[in-house]
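Each remark here refers to the structure printed beneath this line.
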Amino acid sequence: MSGKVWKYEDDINTDVIFPGRYLHLLEPSEMAEHAMEDLDSEFAKGVTKGDVVVAGRNFGCGSSREQAATCLLHSGVSTVVARSFARIFYRNAINLGMPIIVSDTIPDKVSPGDEVEIDLGGGRFTNVTTGEVIEFDPLPEFVLEIVNVGGLIPYTKRKLGLEDD
Amino acid sequence: MGRTIAEKILSRASERDATVGDIVMAKVDRAMSHDNAGLVSKTFGRIGVPHVWDPERIVIPIDHRAPANSIKTAEGHKLIRTFVKEQNITNFYDIKEGICHQIMPEKGHVAPGELIVGTDSHTTTYGAFGAFSTGIGATEMACVWATGELWLRVPSTYKITVKGEFPAGVFAKDLILYIIGDLRADGADYRAVEYHGPTMERMSVSERMTLCNMSMEMGAKAAIVPPDPKVEELLEGKMERLYTPVHPDEDAEYERTLEYDVSDLEPQIACPHAVDNVRAVGQVSGTRIDQAVVGSCTNGRLDDLRITADILWGQKVHRDTRLIVIPASREVYLEAMNEGLIQTIMEAGGVVINPGCGPCLGAHQGIMADGERCIASTNRNFKGRMGSPDSEVYLASPATVAHSAIDGVIADPREVVR
C-alpha cells in the first residue's frame, strides 16, 4: 500500500475524527464525507486512496463509535500509524479489516504530504520522499489473522461455517 | 500467584485459567447497545445467522438521540424497533426510560462477577457493581449477537486505594477528575483498574458509578470496585438470576499500586479540550459561562439532583446562563419529582428535559454556538463535543455546575456547601 501522509498530534479523539452530530448516518460513504471534520477541514476534501494517517500517542481515544474507523477507511485511508492507540479504536480498525501500525519511530520520520509505502507483512515502512526505511513490529498473529481475512465479519462467518460475502 | 478480579472474571467467562496477557474467547453475560443498535443490526444482517444467540441477554435502550432529533435518527430508531420484534428481544427500552448505563443496573441487567459488553465506551460504569464491563464497536457487537462471545486480552490491573473523608463541597467526580489529571488520558490504557480502600467502602454505589464511568477517560478497559453488601442491597428484588461476587486474592499481582487521600482534595475541573486538562476550580473561577448542564451517565442520578436542588433552593439561575438538567432515568426523574427536586430546579430557572443523554454528545437538546462556553457534569470536553468546534466545555461536579449556574461564572461550590 502507498499514499501520502496526514500527520497529527497526541490524543486525537473520536469526537474530532467523527463528530457526534453525524452519528445518525448509517452509510459509510456519507460518514467518510465528515472524516476528521473538527480536526482538519482539509482532510475529507484532500484524502485519496491509499493515504496514511500518522499520529502520536493514544490515537482514537474517547467514544466507542466505530464510525471513527469506518469514516477513515471509506475515505480511502489504508492504515493509521501511531505511537499508541486507544483500545476500542484499535479493535474497531482491526474488526473492519483496516490494519494499523504501532510505532514510536515512524511519527518522527515523516512530514505531512510525504509519499510513503508500506509492506505490512514484511514490517517495512518506506518514506519515498526522504528515502528512509523504517522497520516496525507486525501485529500479533491472532489480530493479523482477522485483518488478513478482511475483518471480523468474514472471520466470524468462517468460524460459523458460513459462505463469505 | 493470586488473581485480580479481571483475571478471575475472564477465567470464568472463558472456562480456562486465564492470566495477564492471555487472549481468551469469552462468553458474555449481557450485551448492551443503544441507538447504535440500528447500525449493529445492519452489520448483523451481513453475517447470515438468522437469529441472535440469546435474545434474553441482549439489552437495547434508546437514549442518545431520544426522542428522535431528525428523520434519519427516526429511521434508525424504527430499524431497532423492527429488529427487536423480529428477534424477540424483550429487554428493549424505548425513549421513555433513560440512559443505558443507568437503566442497565436499574432493570437488573448487571450483577457482580458478570462479563458485560456494550457498544458505548462508558460501559465501564458497571464495575461499580463488581462486573467486568467494557466498551466495544458495532461490528464486534454484531458478532457477539451471532455467537455470544468475543476475544479479549486479559489486562493487567492498577490497584488504586482511596483514603480520607471528602471535605464539604468535594465529591467522587472531583476525585476521578483528579486521578485522570494525574494519570493522563492514556494512563490506564488497556488496563483494568480496581478501586479499594476505606473511602470506596463509604461511597454510595452511585458515587462508585461516577468513578468507574469516567475511568474510561484514562483509557481503562474495565474499572471495578469489589462488590459489598451495598451492591447486594441495591440489586435485591431486581435480579432473578444467581450471581457470584468476585474478589481479588490477597496476593493478586498488580502492575501498579496507587494511593489517593481525599482529605485535602479541592473541587476539580477539566478544562477545554481534554479530560486530563484538570485544575482546581479556584484556578479558573470567574470564567463566564453561557450554559450549565447537570446530567449524563456520569452524574445524572438522584444524589446529583439532590445536591443541585440544595444549591439552587431559593436562588435564581443567572440571567445570562441557561441551566439544563437531565435526570438519568425515568425512575430517577419520578423520585426527584417525589422529593420536590424538579420543582426547586425549575423555580430557580432550570430547564428539566427528558431522561437520556441530552446535549452530552452534541446531537441535540442544548447544542452550543460559536464562542459559547458550558460547564457540565458530563464526561467529555473534546473540541466540538457539545456543538460548535469553537465552543468550550468544562467538566465538574454537579455542585460546581449548580453554583456556577447561579453566579453565571465558574464558581467554587465550597462557598455554599458547608
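Of (1) more than 14 Å from B:Asn299 (Cβ to Cβ); (2) among the hydroxyl-bearing types (Ser, Thr, Tyr); (3) away from every other protein chain (no Cβ under 14 Å), B:Tyr394 satisfies all except one. Which?
Tallying (1) more than 14 Å from B:Asn299 (Cβ to Cβ); (2) among the hydroxyl-bearing types (Ser, Thr, Tyr); (3) away from every other protein chain (no Cβ under 14 Å), B:Tyr394 fails exactly one: (1).
Residues of the stretch A:136-156 being away from chain B (no Cβ under 12 Å) and either in contact (Cβ under 8 Å) with a residue 60 or more places away in the chain or within 18 Å of A:Val80 (Cα to Cα) (or both), which ones?
A:Phe136, A:Asp137, A:Pro138, A:Leu139, A:Leu144, A:Val147, A:Asn148
Please list, ordered by residue number, the helices (runs of 4 or more DSSP H) wholly in the stretch B:305-410 having 3 or more residues that are touching a residue at least 24 places away in the same chain (Cβ under 8 Å) and within 24 Å of A:Asp15 (Cβ to Cβ).
Of the helices (runs of 4 or more DSSP H) lying wholly inside the stretch B:305-410, those with at least 3 residues that are touching a residue at least 24 places away in the same chain (Cβ under 8 Å) and within 24 Å of A:Asp15 (Cβ to Cβ) span B:398-407.
Could you say whether any residue in the stretch B:127-141 is facing chain A (nearest Cβ under 10 Å), out of contact with any helix residue (DSSP H, G or I) (no Cβ under 6 Å at 6 or more places or on another chain) and surrounded by fewer than 24 Cβ atoms within 10 Å (Cβ to Cβ)?
Checked the stretch B:127-141: no residue is facing chain A (nearest Cβ under 10 Å), out of contact with any helix residue (DSSP H, G or I) (no Cβ under 6 Å at 6 or more places or on another chain) and surrounded by fewer than 24 Cβ atoms within 10 Å (Cβ to Cβ).
Is it fair to say B:Val24 is within 13 Å of chain A (Cβ to nearest Cβ), assigned to a strand (DSSP E or B) and closer than 21 Å to B:Tyr126 by Cβ?
Yes, satisfied.
Could you grab me the full set of residues in the stretch B:199-210 that are touching a strand residue (DSSP E or B) at 6+ places or on another chain (Cβ under 6 Å) and within 19 Å of B:Thr4 (Cα to Cα)?
Across the stretch B:199-210, the qualifying residue is only B:Met200.
Could you run through the stretch A:18-54 and say how many residues are closer than 26 Å to A:Ser111 by Cβ, crowded, with 22+ Cβ neighbours inside 10 Å and among the small types (Gly, Ala, Ser)?
Matching residues across the stretch A:18-54 total 1.
Going through B:Ala328, B:Ala336 one at a time, which residue ends up being touching a Ser or Thr at 6+ places or on another chain (Cβ under 8 Å), of a type in the set (Gly, Ala, Ser), buried (at least 23 other Cβ atoms within 10 Å of the Cβ) and outside the structural domain of B:Glu106 (by TED's automatic domain parsing)?
B:Ala328
I'd like the residue in the stretch A:129-165 that is under 24 Å from B:Ser41 (Cα atoms) and small (Gly, Ala, Ser) and, out of all such residues, is surrounded by the fewest Cβ atoms within 10 Å (Cβ to Cβ).
So the residue we want is A:Gly161.
Quick check: anything in the stretch B:166-185 β-branched (Val, Ile, Thr), buried (at least 24 other Cβ atoms within 10 Å of the Cβ) and within 13 Å of another protein chain (Cβ to nearest Cβ)?
Taking every residue of the stretch B:166-185 in turn, at least one turns out to be β-branched (Val, Ile, Thr), buried (at least 24 other Cβ atoms within 10 Å of the Cβ) and within 13 Å of another protein chain (Cβ to nearest Cβ).
For B:Val417, indicate whether it is away from chain A (no Cβ under 14 Å), at pLDDT below 95 and within 30 Å of B:Arg184 (Cα to Cα).
Against the criterion (away from chain A (no Cβ under 14 Å), at pLDDT below 95 and within 30 Å of B:Arg184 (Cα to Cα)), B:Val417 qualifies.
So is A:Glu66 without any contact (Cβ under 8 Å) to a residue 40 or more places away in the chain and either crowded, with 17+ Cβ neighbours inside 10 Å or within 27 Å of B:Arg380 (Cβ to Cβ) (or both) or not?
Yes, satisfied.
Scan the stretch B:230-239 for residues that are farther than 12 Å from B:Gly130 by Cβ and either free of Cβ contacts under 8 Å to residues at least 60 places away in the same chain or outside any loop (DSSP other than H, G, I, E, B) (or both) and jot them down.
Selection gives B:Glu233, B:Glu236, B:Gly237.
A:Leu26 passes all but one of (1) over 27 Å from B:Asp276 (Cα atoms); (2) within 11 Å of chain B (Cβ to nearest Cβ); (3) in contact with an Asp or Glu (Cβ under 7 Å, 6 or more places away or on another chain); which number fails?
A:Leu26 satisfies all of (1) over 27 Å from B:Asp276 (Cα atoms); (2) within 11 Å of chain B (Cβ to nearest Cβ); (3) in contact with an Asp or Glu (Cβ under 7 Å, 6 or more places away or on another chain) except (3).
Would you check if there is a residue in the stretch B:188-197 being of a type in the set (Val, Ile, Thr) and within 14 Å of chain A (Cβ to nearest Cβ)?
yes
Pairs only if they're at least six apart or on different chains, beta carbon under 9 angstrom, first in the stretch B:28-50 and farther than 18 Å from A:Gly151 by Cβ and at the interface with chain A (Cβ under 7 Å from one of its Cβ atoms), second of a type in the set (A, V, I, L, M) and assigned to a helix (DSSP H, G or I); list them, first residue then second.
Short answer, once both residue conditions are applied: B:Gly38/B:Leu79; B:Gly38/B:Ile80.
Whether any residue in the stretch A:83-99 is among the small types (Gly, Ala, Ser) and more than 30 Å from B:Asp35 (Cβ to Cβ) is what I want to check.
No, every residue in the stretch A:83-99 fails to be among the small types (Gly, Ala, Ser) and more than 30 Å from B:Asp35 (Cβ to Cβ).
Which of the strands (runs of 3 or more DSSP E) contained wholly in the stretch B:143-229 include at least 3 residues that are in contact (Cβ under 8 Å) with a residue 24 or more places away in the chain, assigned by TED's automatic domain parsing to the domain that holds B:Asp29 and over 21 Å from B:His101 (Cβ atoms)?
B:149-153, B:157-163
Got a number for residues in the stretch B:51-100 being away from every other protein chain (no Cβ under 13 Å), in contact (Cβ under 8 Å) with a residue 12 or more places away in the chain and acidic (Asp, Glu)?
Number of matching residues: 4.
Can you tell me how many residues in the stretch A:101-135 are within 14 Å of chain B (Cβ to nearest Cβ), of a type outside the set (Asp, Glu) and out of contact with any helix residue (DSSP H, G or I) (no Cβ under 9 Å at 6 or more places or on another chain)?
Adding up the residues that qualify gives 0.
The values are calculated or read from the model by the stated rules, or taken from the named source; none is laboratory data. These numbers were taken from a predicted model, which means no experiment stands behind them. Cβ: placed from backbone, ideal geometry, glycine included. Neighbour counts: every protein chain shown.
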